[in-house]
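To start, the structure under review is shown below, and the notes come after it.
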Amino acid sequence: MGGGSAGRVRPCKWCHAPVRQPRSWWRRRRYCSKRHRRWYRCWQAVWTFLDSL
Ligand SMILES: [Zn+2]
């Protein structure tokens, strides 16, 4: 069977890799690693800066 609806998995916001979610629904992980979270926030800051120019 194929398909991307494999239970509690969300795509990483940075690399779109499937991220397995913990059992507790209130603690969702949006990135596959801390580094990707930092990258994402770093780029957001860059875009915000460029936007303000
Ligand atoms: Zn990632």
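Below, the figures for the structure above:
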item: In degrees, nearest ten, helix 34-52 long axis to first principal axis of the chain (Cα); result: 40
item: Additional length obtainable on full extension of the chain from residue 46 to residue 9, 0.36 nm per residue less Cα span; result: 10.5 nm
item: Hull volume in cubic angstrom per residue (convex hull over the Cα atoms of the chain); result: 96
item: Ordering of 7-16, 40-49 by packing [mean C-beta count within 10 Å, highest first]; result: 7-16, 40-49
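A short reminder: the numbers here are calculations on the coordinates, not readings from a lab. Computed from a predicted structure; not experimentally measured. Reconstructed Cβ throughout: ideal geometry from the backbone, glycine too, with neighbour counts over all protein chains shown.
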